[in-house]
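Colleague: Please find one structure pasted underneath; my questions will follow.
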Amino acid sequence: SSCGCWRHPAGVVFGLEIMGWGLQSGDVLRILTENESCSQPQHVATSISLRCPEACSPAAADAGGDGSSGDIPLRVAAFDAVGCGSRFDQCTAVYIEGIQILSATLTSLVFSGKPDLQSGDIISLGGNIACKASDTSCTQEDLDYLKGSFPLAGAGGSSSVVGHMVSATADEHVFSINIGWPQQRRPNFAVVAASGQWSRHSIARSYEEILANEAAATLPVCWGPGGGVDYVSRAGSLTVVPPLQMPVADVFLTSTLRGEVAPLVFNVELGNAPRYAEVIGATQLRLHIPDITKLDVRFSDSEVLLMHQGRTPRHRRTSVGVVGSSWSFGVMVQMASPSQADVIFGECLISLGTWRWCLRSGTACNR
């Protein structure tokens, strides 16, 4: 969150995203009890559960021992982690294929695909990038400057990542960085096997694995660099609000015969939350099924959708009937089939707001 604050409903699994400088995979967050200090983050918020929804378990009440209890790991986008899903799965690899110095203040990077970067992002370069063997004037200092990572004296091989700000160009595969060399002294760099590595350090996010069990106000969220280092900064605060209630939430079975594949029809009506009108772009409908041992969920053509616990949800368009703010849709289910899963229908509720539909004690909630 750029403002250092997050707001999520209770009972809905979510992830956290932070923006800053020098962020790396392996950094961690910790959510504390109200009024706790990040300088001594001992008391993890007991209302928070992690590793949800498959293996949901409460965060430890006290962060003793090795100090890892309640830690929420962060990941950054990189050459091997582009366009990842909510669990950093289904990632695409995008490498740096070429490097061209354009001026004393500008260098061009050519990527093998769309790197999912935006102007203003901070990246560093990594492996498979070196001085060209034929260029004896290219030095290690030049290479460090290009990569945006500098060795720390007496730190046993550790380095400090400074990075470079990128700017988009008309070509989606080409970005420029704000460094360069004068015309009279321009080193030549080589990209080994067109597989130059890179990482983004201005945005990091957690897995979508966090669940707040009850409403809470102003829970401190602390950031640390990981690797056993103490938490050093407050990243922001988390407010957990009660989930919005749907005025109408009906589920209709068309058959109760065991083993019979038959339609399951949902009819729901959204509330009038102002944030629905604020959402830009496509939204998603998510059904959270706490126990899929009771149902095999299929699309309307009877294709099996989910069969295994922990499988990443598949996205698919579905037809939705809308009357005012009330709408309905159907999926095929089979009574009987490992424990729980999410079913996501993508791009079926345009401009109505990102929300989730969940069955709990016969009620429905959305966000």
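The values are calculated or read from the model by the stated rules, or taken from the named source; none is laboratory data. Predicted, not measured: the structure shown is a model, and the values here were computed from it. All Cβ positions, glycine included, derive from the backbone under ideal geometry; neighbour counts span all protein chains shown. SASA here: full protein model, heavy atoms, side chains in, ligands and nucleic acids out. Shrake-Rupley method; radii C 1.70, N 1.55, O 1.52, S 1.80 Å.
Colleague: Hand me the list of strands (runs of 3 or more DSSP E) wholly inside the stretch 196-270 holding 3 or more residues that are more than 23 Å from the chain's Cα centre (by Cα).
Modeller: Of the strands (runs of 3 or more DSSP E) lying wholly inside the stretch 196-270, those with at least 3 residues that are more than 23 Å from the chain's Cα centre (by Cα) span 248-253, 261-269.
Colleague: What's the total number of residues in the stretch 27-47 that are open to solvent by less than 40 Å² (accessible area, probe 1.4 Å) and in a loop (DSSP other than H, G, I, E, B)? If you could, list the steps in order and put the result at the bottom.
Modeller: So the first thing to find is which residues in the stretch 27-47 are open to solvent by less than 40 Å² (accessible area, probe 1.4 Å), and the list is 27-32, 36, 38, 41, 44-45, 47.
The next check asks that each one be in a loop (DSSP other than H, G, I, E, B); those that pass are 27, 36, 38, 41, 45, 47.
Qualifying residue count for the region: 6.
Colleague: Moving to a separate point now. Give the number of residues within the stretch 224-267 that are among the aromatic types (Phe, Trp, Tyr) and either within 26 Å of Leu32 (Cβ to Cβ) or modelled with pLDDT of 75 or more (or both). Working first, answer last.
Modeller: Initially, the stretch 224-267 is screened for residues among the aromatic types (Phe, Trp, Tyr), giving 231, 252, 266.
Next, from what is left, pick out any that are either within 26 Å of Leu32 (Cβ to Cβ) or modelled with pLDDT of 75 or more (or both): 231, 252.
Qualifying residue count, the stretch 224-267: 2.
Colleague: Would you please name the residue that is farthest from Leu117 (Cα to Cα), looking only at residues in the stretch 141-177 that are open to solvent by 50 Å² or more (accessible area, probe 1.4 Å) and touching a Leu at 6+ places or on another chain (Cβ under 7 Å)?
Modeller: Ser158
Colleague: What number goes with the only condition from (1) surrounded by fewer than 19 Cβ atoms within 10 Å (Cβ to Cβ); (2) of a type outside the set (Val, Ile, Thr); (3) within 27 Å of Ser124 (Cα to Cα) that Leu23 does not pass?
Modeller: (1)
Colleague: Quickly run through the stretch 71-108 and pick out the residues that are part of a loop (DSSP other than H, G, I, E, B) and either hydrophobic (A, V, I, L, M, F, W, C) or in contact with a helix residue (DSSP H, G or I) (Cβ under 9 Å, 6 or more places away or on another chain) (or both).
Modeller: Residues of the stretch 71-108 part of a loop (DSSP other than H, G, I, E, B): 71, 76-77, 79-80, 83-91, 93-95, 102-106.
Result: Val76, Ala77, Phe79, Cys84, Phe88, Cys91, Ala93, Val94, Tyr95, Leu102, Ala104, Leu106.
Colleague: Of all residues in the stretch 219-230, count the ones that are closer than 19 Å to Met19 by Cα and open to solvent by 20 Å² or more (accessible area, probe 1.4 Å).
Modeller: The first filter runs over the stretch 219-230 and keeps only residues closer than 19 Å to Met19 by Cα, leaving 219-226.
From what's left, open to solvent by 20 Å² or more (accessible area, probe 1.4 Å): 223, 225.
Summing the residues that are closer than 19 Å to Met19 by Cα and open to solvent by 20 Å² or more (accessible area, probe 1.4 Å) in the stretch 219-230 gives 2.
Colleague: Any idea which residue in the stretch 111-140 is surrounded by the fewest Cβ atoms within 10 Å (Cβ to Cβ), counting only those that are in contact with a helix residue (DSSP H, G or I) (Cβ under 9 Å, 6 or more places away or on another chain) and in a strand (DSSP E or B)?
Modeller: Checked the stretch 111-140; the qualifying residue surrounded by the fewest Cβ atoms within 10 Å (Cβ to Cβ) is Ala130.
Colleague: Out of Ala249, Ala194, Ala216, which single residue is on the phi > 0 side of the Ramachandran plot and open to solvent by 20 Å² or more (accessible area, probe 1.4 Å)?
Modeller: Working: Ala249 fails: on the phi > 0 side of the Ramachandran plot; Ala216 fails: on the phi > 0 side of the Ramachandran plot.
Exactly one of Ala249, Ala194, Ala216 is on the phi > 0 side of the Ramachandran plot and open to solvent by 20 Å² or more (accessible area, probe 1.4 Å), namely Ala194.
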